[in-house]
């Protein structure tokens, strides 16, 4: 029996019956009722993690970054399918530790790993496709209006230095709560840098601008202008950036289930395009919408 067939047998035993039918056929089966949200994200060795990273941490990041995308639209994950290409250094023991960790990470959110495929190649690339359903109307990026207030669910910056990019928790429950209780006009997960992801929301909403309040933005490490500017473009934060109309601000501030960071607006949507950063001494500076660009 080849390694591929051995791994397929191992995965059929590990996963059992999931979805409408368990793995083992040419395609997975899902029962679809109503809108289905779908997202796909890869992990590339040497880009998203270092080769010596443990299988468990790689697996968590792979699953959690996909679930973070669902959270940004107010959705809970239902199921995933996977495409794994193993490069050198992935022996049987390491592969099976990875499979178990992927399954455990998916199960933590009451979702199911229902299928996919595996292969070997010159380099390692792991890809996951996640399916989810929104408890309320799915929240898109494009609903910003002038005067809407901006919030973020946690601190940003220094994700690579602190290990946060491997060990973060996707804000699934928060995304659902925000969508259900606070009527957000737009929401996005901060994966490529707050400045760049905010620009994407502004651009999708018709080319608007925003004024950020420097002291209101919490940093994971350090303080001061240079550290803040670095954090705004650093990426891999996986917090949620969302906006609400002014009439809903007090309700967001008073919600005890939201983190402290989400109780204070970090900025306001403006008609003038571009992103501006306001300082306590009255200075206002324009900042670039820089961040992680994939290609």
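Quick note: the coordinates plus some simple rules give every number you see, no bench work behind them. Keep in mind the model is a prediction, meaning the values are calculated, not measured. Note that we place each Cβ from the backbone using ideal geometry, even for glycine, and neighbour counts take in every protein chain shown.
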- Item | R0 of 22 Å, Cβ-Cβ distance residue 44-residue 221: FRET efficiency to nearest 0.05 | 0.30
- Message: With only alpha-carbon atoms in the gyration tensor, what are the semi-axes of the equivalent ellipsoid for the range 118-185, in Å, largest first?
- Response: 30, 19, 12
- Per-residue ellipticity at 222 nm for the chain, helices alone: DSSP H runs ≥ 4 residues times -39500 (n - 2.57), over residue total, nearest 500 deg cm²/dmol? -9000 deg cm²/dmol
- Evaluate E = 1/(1 + (r/R0)^6) for residue 162 and residue 288, where r is the Cβ-Cβ distance and R0 equals 25 Å; express this FRET efficiency to the nearest 0.05. 0.55
- Residue exposure sequence - 113, 90 - by fewest surrounding Cβ within 10 Å: 90, 113
- Report Rg(Cα)/(2.2 N^0.38 Å) for the range 58-174, keeping two decimals. 1.23
- Note on the structure: Taking 259-265, 31-37 and ranking on average Cβ neighbours within 10 Å, highest first, one gets 259-265, 31-37
- Task: Find, to one decimal place in angstroms, the Kirkwood hydrodynamic radius of the range 82-122, where the mean of 1/r is taken over every pair of different Cα atoms and then inverted.
- Result: 11.1
- Message: If I take R0 = 30 Å and measure r between the Cβ atoms of residue 119 and residue 32 in this structure, what FRET efficiency does the formula 1/(1 + (r/R0)^6) give, to the nearest 0.05?
- Response: 0.60
- Query: Roughly what % of DSSP beta bridges within the chain run antiparallel, to the nearest 5?
  - Reply: 70
- Tell me, what is a quarter of the convex hull surface for the C-alpha atoms of the range 149-287, in nm² with one decimal? 8.0
- Restricting to Cα pairs under 8 Å and 6 or more apart, the percent relative contact order of the chain works out to 21
- Message: Quick check: convex hull of the Cα atoms in the chain, volume per residue, rounded to a whole Å³?
- Response: 132
- Query: When Rg is the radius of gyration of the Cα atoms in the range 3-134 and Rh is its Kirkwood radius, what does Rg/Rh come to?
  - Reply: 0.95
- Gain upon complete extension [residue 53, residue 279; 0.36 nm per residue less C-alpha separation]: 77.4 nm
